[in-house]
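*Asks:* Quick one: structure below, then a few questions.
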Amino acid sequence: MSTKKMLRNEAPLLEVKNLETAFDIEGTDYNAVDNVSFQVKPRQIVGIVGESGCGKSVMSLSIMKLLPKGIGKVKSGEIIFDGKNLEKMSESQINKIRGKDVSMIFQEPMTSLNPVFTIGYQLQEVLFNHMKISKQEARQKAIALLKSVGISRPEKLVDEYPHQLSGGMRQRVMIAIAIACQPKLLIADEPTTALDVTVQAQILELLKEIQAVNDMSVILITHDLGVVAEMCDEVIVMYAGRIVERADVDTLFHNPKHPYTTLLLGAIPKMDEQEERLSSIQGIVPSLTNMPKVGCRFAHRCPKAMPKCFTVTPVLGDIEQDHEVACLLYETSIPREGVK
Amino acid sequence: MLKYAFRRILGMIPMLFLISIVVFTLAKLMPGDSFSGEIDPTKTNPQYIAEMREKLGYNDPLPQQYFRWIGNFVEGDFGKSARYKIKVSDVISEKLPNTLLLGFSSLLITYILAFFMGLYSGRKPYTVADNLIGGLNYLGLSIPSFIAGVFAIFLFSFTLGWFPSNGSIDIGMTEGTLEYWLSRLHHVFLPAVVLGLLSTASYTQFLRNDIIENSRKDFVRTARAKGTAEKKIYNVHILRNSIIPLITFLGFDLVAIISGAIITETIFTYPGLGQLFLQSVGTRDYPVLMTLTMLFSFLTLIGNLVADILYGVVDPRIRLD
């Protein structure tokens, strides 16, 4: 764990401060991401976990400024990447960073590629966007990139169309596009959710390999804790738009503090135990329009809920070194007077 | 692709035969023939008319008449126009250039206008300009061409005197000169604009809605994530996808160019196939009427074939074999 110690002292590559992202639903703003702050250090793999509807994807889209126009917007907060505040940048400025320094792969490889252009075209586009290279060079580079993501016949594949490829292959192409300009940060939004299990393992292996070779940071968004254990250095657990717990991967798996984290970990089926029923967390994530105004958002599903959980909003506090949690069971989460 | 086209063309033959039966039956079901109406019965010997009917085979059993007609038709003999007393093919080829000119120019107007309006509306939907474009388009769609045509003639021909109100060419022009062509363009302009302006609605709204739909697709987000400029996203990534469904229209347009605009041509007394069609109904000129109907049916089939082949060219997901 020497790398981890080294990481701790380095300046963060990405710093998200008090991010609030809201969706406009029938004229009212609802926060899908509510007051979220975290850091990503260089070469670090940060996992963001939580159930569907927790705001994981919205947060990643906020960083990339890819929120659906006119519906979603960043209301407040700062996103500082490599010393620059992305929130203050114009569309053309951000276009110089997107695909070059920060890139993203998405959940749905089946629809993420344009059906009417060849793989080669779509790969070369990102190269032309950010580099000054000739067509011939771009083609060679595209073939090399496809090879590097483990595609066996790249010379042929560059001239093929997305529909001729399987889901796993398409996701490899997406990864090739994402790493084409050797970004400093890769955001992977549930990159393996739509793939079958054997392909999932291959894609994760590939991501890990590429991360090591390119020395990049990765934000891995997933709801698969197995993937997190396999891949990540640090884990952020999100619930209903807020961070409820953050710790390095070993601490989180062996010493979870938030009841939600404990329940999530408990919901992983164990190979060595015979279980009659798979355990699950009762209830569902409240919808955006139905979010509790005060108190802990998990309270109504929480087995350890106390009366004050419904009236006092917990804050994210350091429970021990490098382990933050937002739960009123712990002193550090009780808000001080005058502080929101 | 060639194999596909060939197979489709072969498949057209039985279809055309069926159509020919319908066309023939409909023509025979219409009251009267070329002797009624055109010949004054009080001044002609009815016996002579009866004789002529017999001589022309109008009294033969219907199947016999049909096979005689279709037999000649297949051999390329479309019969003689009862009104013009010349070959049907000559009548049609005389009017065809006028119709082609009108068809192409009105379609060009429609395409250009619809392309830019659709592109703009699709990119900036629900804005004032988009609503204005939509409103104008639907206004155009809901004004019948005979009203728009009459108004255009009244305003631009009679009041302002900018354009001629009828015909396809000034009298006394020598064919082939620059003046001749300018005069033709001068004549075709007004009907083409009326025709072109009124039919932009479907194209514009189709293009607009498709652009809006495609702009929400995942691949657009991917393009943005790559740092592609917004302009390129719309003009390349989205447009290329949004053009595909418009190809269906292209097949119909091919027919529309040639079948002409019956109403507009009649209002502007523009001597094209549309006007010829209407006249041949009025004068019971069945050889012309049946030939035109067969021609239009054939073109519809060809238009669909062309559209299908174009799909294969434009959309890599569609393979023709």
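The values are calculated or read from the model by the stated rules, or taken from the named source; none is laboratory data. Every value quoted in this text rests on a predicted model; they were computed, and no experiment measured them. For neighbour counting, all protein chains shown are included, and Cβ atoms are generated from backbone atoms with ideal geometry for every residue, glycine included.
*Asks:* Look at the range A:211-239 and say how many of its residues are over 18 Å from A:PRO183 (Cα atoms), under 13 Å from the mean Cα position of the chain (by Cα) and hydroxyl-bearing (Ser, Thr, Tyr).
*Replies:* Number satisfying all stated conditions: 1.
*Asks:* Next up: Return the residues of the range A:281-309 that are within 21 Å of A:ALA32 (Cβ to Cβ) and not in a loop (DSSP other than H, G, I, E, B); say none if nothing qualifies.
*Replies:* A:LEU288, A:THR289, A:ASN290, A:ALA299, A:HIS300, A:ARG301
*Asks:* Oh, and also: Of the numbered conditions (1) within 21 Å of B:MET30 (Cα to Cα); (2) among the small types (Gly, Ala, Ser); (3) assigned to a loop (DSSP other than H, G, I, E, B), B:ALA50 fails exactly one; give the number of that condition.
*Replies:* (3)
*Asks:* While we're here: Can you tell me which residue is farthest from A:LEU186 (Cα to Cα) among those in the range A:60-75 that are free of Cβ contacts under 8 Å to residues at least 60 places away in the same chain and among the β-branched types (Val, Ile, Thr)?
*Replies:* The residue in question is A:ILE71.
*Asks:* When the residues of the range B:76-124 are narrowed to those that are outside any helix (DSSP H, G or I) and either touching a helix residue (DSSP H, G or I) at 6+ places or on another chain (Cβ under 7 Å) or of a type in the set (Phe, Trp, Tyr) (or both), which ends up surrounded by the most Cβ atoms within 10 Å (Cβ to Cβ)?
*Replies:* Among residues in the range B:76-124 that are outside any helix (DSSP H, G or I) and either touching a helix residue (DSSP H, G or I) at 6+ places or on another chain (Cβ under 7 Å) or of a type in the set (Phe, Trp, Tyr) (or both), the one surrounded by the most Cβ atoms within 10 Å (Cβ to Cβ) is B:SER81.
*Asks:* Please count how many residues of the range B:19-36 are at pLDDT below 80 and either surrounded by 13 or more Cβ atoms within 10 Å (Cβ to Cβ) or over 22 Å from B:THR283 (Cβ atoms) (or both).
*Replies:* Looking only at that region, the number is 3.
*Asks:* Answer yes if at least one residue in the range A:147-156 is within 14 Å of another protein chain (Cβ to nearest Cβ), crowded, with 22+ Cβ neighbours inside 10 Å and at negative phi, and no otherwise.
*Replies:* First, pick out the residues of the range A:147-156 that are within 14 Å of another protein chain (Cβ to nearest Cβ): none.
No.
*Asks:* Restricting attention to the range A:160-189, report how many residues are at positive phi and within 12 Å of another protein chain (Cβ to nearest Cβ).
*Replies:* So the count comes out to 0.
*Asks:* If you don't mind, there's one more thing I want to ask. For the range B:208-219, what are the residues that are crowded, with 16+ Cβ neighbours inside 10 Å and either under 24 Å from B:ASN137 (Cα atoms) or aromatic (Phe, Trp, Tyr) (or both)? Steps first, answer last, please.
*Replies:* So the first thing to find is which residues in the range B:208-219 are crowded, with 16+ Cβ neighbours inside 10 Å, and the list is B:208-212, B:214-215, B:217-219.
Matches in the range B:208-219: B:ARG208, B:ASN209, B:ASP210, B:ILE211, B:ILE212, B:ASN214, B:SER215, B:PHE219.
*Asks:* Still on this model: For the range A:17-34, state whether one or more residues are among the β-branched types (Val, Ile, Thr) and buried (at least 23 other Cβ atoms within 10 Å of the Cβ). I'd like the intermediate steps shown before the answer.
*Replies:* So the first thing to find is which residues in the range A:17-34 are among the β-branched types (Val, Ile, Thr), and the list is A:21, A:25, A:28, A:33.
Those left that are additionally buried (at least 23 other Cβ atoms within 10 Å of the Cβ): A:21, A:33.
So far as the range A:17-34 goes, yes, one or more of its residues are among the β-branched types (Val, Ile, Thr) and buried (at least 23 other Cβ atoms within 10 Å of the Cβ).
*Asks:* Right, another one. Given the conditions (1) in contact (Cβ under 8 Å) with a residue 24 or more places away in the chain; (2) over 23 Å from the mean Cα position of the chain (by Cα), and given that A:SER287 satisfies all but one, which numbered condition is not satisfied?
*Replies:* (2)
*Asks:* What are the pairs with Cβ atoms under 6 angstrom where one residue, in the range B:3-21, is of a type in the set (Gly, Ala, Ser) and the other, located anywhere, is in a helix (DSSP H, G or I)? Sequence gap at least six, or different chains.
*Replies:* B:SER20/B:ILE70
*Asks:* So which of B:PHE163, B:PHE189, B:PHE156 is over 25 Å from B:ASP253 (Cβ atoms) and either among the basic types (Lys, Arg) or touching a Phe, Trp or Tyr at 6+ places or on another chain (Cβ under 7 Å) (or both)?
*Replies:* The unique qualifying residue is B:PHE156.
*Asks:* Which residues, taken from the range A:109-133, are in contact (Cβ under 8 Å) with a residue 60 or more places away in the chain and either surrounded by fewer than 20 Cβ atoms within 10 Å (Cβ to Cβ) or within 21 Å of B:LYS231 (Cα to Cα) (or both)?
*Replies:* A:MET110, A:SER112, A:LEU113
*Asks:* Here are the criteria: (1) touching a Pro at 6+ places or on another chain (Cβ under 7 Å); (2) among the hydroxyl-bearing types (Ser, Thr, Tyr); (3) not in a loop (DSSP other than H, G, I, E, B). Tell me which single one B:SER183 does not satisfy.
*Replies:* Among (1) touching a Pro at 6+ places or on another chain (Cβ under 7 Å); (2) among the hydroxyl-bearing types (Ser, Thr, Tyr); (3) not in a loop (DSSP other than H, G, I, E, B), B:SER183 violates only (1).
*Asks:* Another question about this same structure. Applying the selection to the range A:170-200, what residues are of a type in the set (Gly, Ala, Ser) and more than 17 Å from the chain's Cα centre (by Cα)?
*Replies:* Across the range A:170-200, the qualifying residues are A:ALA176, A:ALA180.
*Asks:* Only residues in the range A:210-233 that are touching a residue at least 24 places away in the same chain (Cβ under 8 Å) count as the first member; pair them with residues that are assigned to a strand (DSSP E or B) and among the polar types (S, T, N, Q), Cβ under 7 angstrom, at least 6 apart or cross-chain, and list the lot.
*Replies:* If the second residue must be assigned to a strand (DSSP E or B) and among the polar types (S, T, N, Q), the pairs left are A:VAL228/A:THR222.
*Asks:* Now, a different point. Starting from the range A:318-329, take each residue that is touching a residue at least 24 places away in the same chain (Cβ under 8 Å) and farther than 12 Å from A:ARG246 by Cβ and list its partners that are of a type in the set (A, V, I, L, M, F, W, C) and part of a strand (DSSP E or B), counting only C-beta distances under 8 angstrom and pairs at least six apart or across chains.
*Replies:* A:CYS327/A:VAL244
*Asks:* On to the next question. Look at A:GLN136 and say whether it is farther than 26 Å from B:LYS231 by Cα, more than 27 Å from the chain's Cα centre (by Cα) and modelled with pLDDT of 90 or more.
*Replies:* Details: farther than 26 Å from B:LYS231 by Cα: no; more than 27 Å from the chain's Cα centre (by Cα): yes; modelled with pLDDT of 90 or more: yes.
Judged against the criteria, A:GLN136 is not a match.
*Asks:* Need the failing condition index for A:ILE281 against (1) touching a Lys or Arg at 6+ places or on another chain (Cβ under 8 Å); (2) crowded, with 23+ Cβ neighbours inside 10 Å, just the number.
*Replies:* Here A:ILE281 clears every test but (2).
*Asks:* State whether the residues of the range B:201-213 include one that is within 14 Å of chain A (Cβ to nearest Cβ) and either of a type in the set (Lys, Arg) or in contact with a strand residue (DSSP E or B) (Cβ under 6 Å, 6 or more places away or on another chain) (or both). Working first, answer last.
*Replies:* In the first step, residues of the range B:201-213 are kept if they are within 14 Å of chain A (Cβ to nearest Cβ); the result is B:210-213.
So of that shortlist, the ones also either of a type in the set (Lys, Arg) or in contact with a strand residue (DSSP E or B) (Cβ under 6 Å, 6 or more places away or on another chain) (or both) come out as none.
No, the conditions are met nowhere in the range B:201-213.
*Asks:* Identify, please: which residue in the range B:46-75 is exposed (fewer than 10 other Cβ atoms within 10 Å of the Cβ) and of a type in the set (D, E, K, R) and is, among those, modelled with the highest pLDDT?
*Replies:* Looking at residues that are exposed (fewer than 10 other Cβ atoms within 10 Å of the Cβ) and of a type in the set (D, E, K, R), I get B:GLU75.
Results for (1) in contact (Cβ under 8 Å) with a residue 60 or more places away in the chain; (2) closer than 30 Å to A:ASN129 by Cα; (3) more than 10 Å from chain A (Cβ to nearest Cβ), shown as yes or no for each residue.
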position	(1), (2), (3)
B:PRO191	yes, no, yes
B:VAL220	no, yes, no
B:ALA225	no, yes, no
B:LYS232	no, yes, no
B:GLY251	no, no, yes
B:ALA256	yes, no, yes
